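Step one of this worksheet: look at the structure below.
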Amino acid sequence: MVRTMPVSHNEEIELYIRTYYSLLRSSAPIRIRSLEETHAAMNSSLHQQAHRPEIDVSALVYSALRLPDAVVMAQLVVLGQMEDVFRREGYPVEEWRPVRARARRRKFYFDPQSGTLAANVASVSDIDDLIPCLTTLQIEWNKIHQQLNNGQLFDALLQADPDDAKAVSGLLAAVRKALALEGDDFDKLAQIWPGANLLANFQRAARQRMDWQVKVLGSGLSDYRRSVQYWWGKVNEASAGALATRPLYFVSSNTHSVVNLLSGFAALHRDRIVDFIAQHNPEGLLDEYKQLPQDDSGALNNLLYYSLRYYVNHHQLFPTLYQTEAAVGVTRVSDPHCLDVEAQVIEMSQLDAALMDPRILGCSADDLALLRESDALILNIDYPLGMAAYHVYSQVSTAGGAILGVYILGKAATLNARVGDVMIPNVVYDEHSRNSYLFRNCFTAQDVTPYLNFGTVFDNQKAVTVRGTILQNRHFMNIFYEEGYTDIEMEAGPYLSAIYEDVYPRRYPLNEIVNLFINAPYEIGLIHYASDTPISRRQSLLSKSLLYFGVDATYATSIAVLRRILANEVERMRTRQHSA
């Protein structure tokens, strides 16, 4: 057996993971407070002040954004894969209020009468995400409780009239002083708890110490597989069964960039979107529009695509948008029930070159005409979290038609580049399997660079797939950096494990060097764009969302993928035509 990464694991992180999995085996709920000591001991790079009395606002904000607002009203959090899993355990979540987290795609349901929050989990990665987030938020919430649960400020908080704006303003200033927060940090709390929620949560924190309990209802591998099979059934049904029989190009990216580049909706509404930007100026995009070079239609298209969600929401144009997409063969599956992974099935024979973004047209008009004869589909999914990627691709490769190519786009942290840069790896170390995967990445820097306006593209990189964003510390990252791994993300390893099982007649191995160069029957493309620089701290997931800043890399990488798919399908159609 070959060891792939000597000394690659951090003892404190491993102890924390072992602790919560051993406790979650209990048939009764466990208390999050039993995890606080081991959580603080791992010195997470995203929760550096866990063991100190000062409030770690960045960690609080990070965790709060990945949990629904209703979590502060909950006493019990239950985790399960499907509605019937909840139902058989006495939690009728279909009758509860659906709630959402702002920075994590996951289905939550809340019952205010019992104070129970239910969360759908699609794989162990959801547990590795939820438990650290709950522990982080509880630690920081209880620091606020400690500071506010005494003296005159406590009495003033409980007696405050939310409708007395002047009194509330003065009270919040006193709270900021009591919590010893700088103005910028206090503003971050006002952003995650906007309006009256800020005062309400300070009142709640003053009154009660947080003491969440957690219970996992179904944790067997079969439960995860059943939820993915149900998801596949819904997606395949939407395609009238075509996914099960037709050739597929599989893309894991997002729900907007691929269809925006293909549908032409933004170009058709260009003038109205520009007028909307001028009138409403969302996120200050008017200044961005004024600074665009006059001769660069690519940068303008990126701005139109980014503004599209504001424009469509404001004018309630979703039926028009979906009708336009359907006309070029796009079928959306927006609510696939238990697994919160939206899918889009795209008929390549219905694509219209006249409506496509000009940047993806790498073939001649005569070549593109060959697509009219295509029987291939593009299956584009909203990238899953962690090990859910393994379950999803295992299902697709098992029940779908012939795979023609696999293309994976996603965000990552970078140890040597800047936010907005692009990394193209050909080696991936997977923390789940402890395998090092070697593969031929079909993309190079030259495929992305012409479409990237602000960043830099680095190919021949080495990526590491981690179990969770909070489950990292600086020692952990430095070990990988010394080994030349500079690209940290969560999905590549699980995808490659599933690809291995599609190539070889056995389950993926453990702790080996796995060579996918030789036997892979289809090409593999893997591209990451940087959203965080955890070592240099130039940019942090905690401090700023990518928002418009990330649109450049998102569309540059999506263009590279679509150009590749179109070129491959044209060549396949030409070969088939010659054979006929």
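The values are calculated or read from the model by the stated rules, or taken from the named source; none is laboratory data. These numbers were taken from a predicted model, which means no experiment stands behind them. Because the Cβ atoms are built from the backbone with ideal geometry, glycine has one as well, and the counts that use them run over all protein chains shown.
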**Report entry** Set Gln316, Gln350: member being polar (S, T, N, Q), without any contact (Cβ under 8 Å) to a residue 60 or more places away in the chain, more than 30 Å from Val85 (Cα to Cα) and assigned by TED's automatic domain parsing to the domain that holds Leu562
**Finding:** Gln350
Query raised in the report: If you go through region 162-170 one residue at a time, do you hit one that is of a type outside the set (Phe, Trp, Tyr), exposed (fewer than 15 other Cβ atoms within 10 Å of the Cβ) and in contact with a helix residue (DSSP H, G or I) (Cβ under 8 Å, 6 or more places away or on another chain)?
Result: yes
Query raised in the report: Restricting the search to region 470-502, which residues are modelled with pLDDT under 90 and buried (at least 19 other Cβ atoms within 10 Å of the Cβ)?
Result: Gln472, Asn473, Phe476, Met477, Phe480
Report task. For region 354-364, state whether one or more residues are in contact with a Ser or Thr (Cβ under 8 Å, 6 or more places away or on another chain) and part of a loop (DSSP other than H, G, I, E, B). Result -> yes
Report task. Please go through region 363-382 and pick out each residue that is among the small types (Gly, Ala, Ser) and in contact with a helix residue (DSSP H, G or I) (Cβ under 8 Å, 6 or more places away or on another chain). Result -> Ser374, Ala376
Report summary line: Result of the Cβ filter at 7 Å on region 282-311, keeping first residues that are within 16 Å of Leu261 (Cβ to Cβ) and partners that are among the charged types (D, E, K, R) and in a helix (DSSP H, G or I), at least 6 apart or interchain, is Gly298/Arg359; Asn302/Asp552; Leu303/Glu288; Leu304/Arg270
**Report entry** All helices (runs of 4 or more DSSP H) inside region 221-328 with 3 or more residues being surrounded by fewer than 19 Cβ atoms within 10 Å (Cβ to Cβ)
**Finding:** 221-238, 270-280, 285-290, 297-315, 318-327
**Report entry** Pairs where the first residue, in region 134-152, is closer than 13 Å to Pro53 by Cα and the second is in a helix (DSSP H, G or I) and charged (D, E, K, R), C-beta under 6 Å, 6+ apart
**Finding:** Ile139/Glu36
Report task. Hey, could you check region 100-118 for residues that are modelled with pLDDT under 95 and in contact with a helix residue (DSSP H, G or I) (Cβ under 6 Å, 6 or more places away or on another chain) and say which is surrounded by the fewest Cβ atoms within 10 Å (Cβ to Cβ)? Result -> Arg102
**Report entry** Members of region 433-465 found to be part of a loop (DSSP other than H, G, I, E, B), out of contact with any strand residue (DSSP E or B) (no Cβ under 7 Å at 6 or more places or on another chain) and crowded, with 19+ Cβ neighbours inside 10 Å, listed by number
**Finding:** Ser433
Report task. Only residues in region 554-580 that are farther than 19 Å from Ser253 by Cα and assigned by TED's automatic domain parsing to the domain that holds Val419 count as the first member; pair them with residues that are modelled with pLDDT of 95 or more and part of a helix (DSSP H, G or I), Cβ under 8 angstrom, at least 6 apart or cross-chain, and list the lot. Result -> Glu569/Met348
Query raised in the report: Between residues in region 196-224 that are over 20 Å from Ala165 (Cα atoms) and residues that are part of a loop (DSSP other than H, G, I, E, B) and hydroxyl-bearing (Ser, Thr, Tyr), which pairs lie under 6 Å by C-beta distance while being six or more apart or on different chains?
Result: Tyr224/Ser123
Query raised in the report: Looking at Arg3, is it of a type outside the set (S, T, N, Q) and at pLDDT below 95?
Result: yes
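For region 456-464, state whether one or more residues are of a type in the set (Gly, Ala, Ser) and under 13 Å from Ala412 (Cβ atoms). Before you say what the answer is, go through the steps one by one.
We begin by selecting, within region 456-464, every residue of a type in the set (Gly, Ala, Ser); these are 463.
The next check asks that each one be under 13 Å from Ala412 (Cβ atoms); those that pass are 463.
Checked against the condition, which is being of a type in the set (Gly, Ala, Ser) and under 13 Å from Ala412 (Cβ atoms), region 456-464 yields at least one hit.
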Query - Single match in Ala244, Ala240 (criterion: under 25 Å from Ala343 (Cβ atoms) and free of Cβ contacts under 8 Å to residues at least 12 places away in the same chain) - result: Ala240
Query raised in the report: Can you list the helices (runs of 4 or more DSSP H) found entirely within region 1-90 that contain at least 2 residues being assigned by TED's automatic domain parsing to the domain that holds Leu179 and among the β-branched types (Val, Ile, Thr)?
Result: 11-24, 57-65
Query raised in the report: How many residues are among the hydrophobic types (A, V, I, L, M, F, W, C) and either out of contact with any helix residue (DSSP H, G or I) (no Cβ under 8 Å at 6 or more places or on another chain) or under 30 Å from Leu526 (Cβ atoms) (or both) when one looks only at region 249-295?
Result: 9
Report task. Output the residue which, of all residues in region 365-398 that are in a loop (DSSP other than H, G, I, E, B) and among the small types (Gly, Ala, Ser), is surrounded by the fewest Cβ atoms within 10 Å (Cβ to Cβ). Result -> Ser374
Query raised in the report: Here are some residues: Gly410, Gly405, Gly401. Which one is assigned to a strand (DSSP E or B) and over 16 Å from Met490 (Cα atoms)?
Result: Gly405
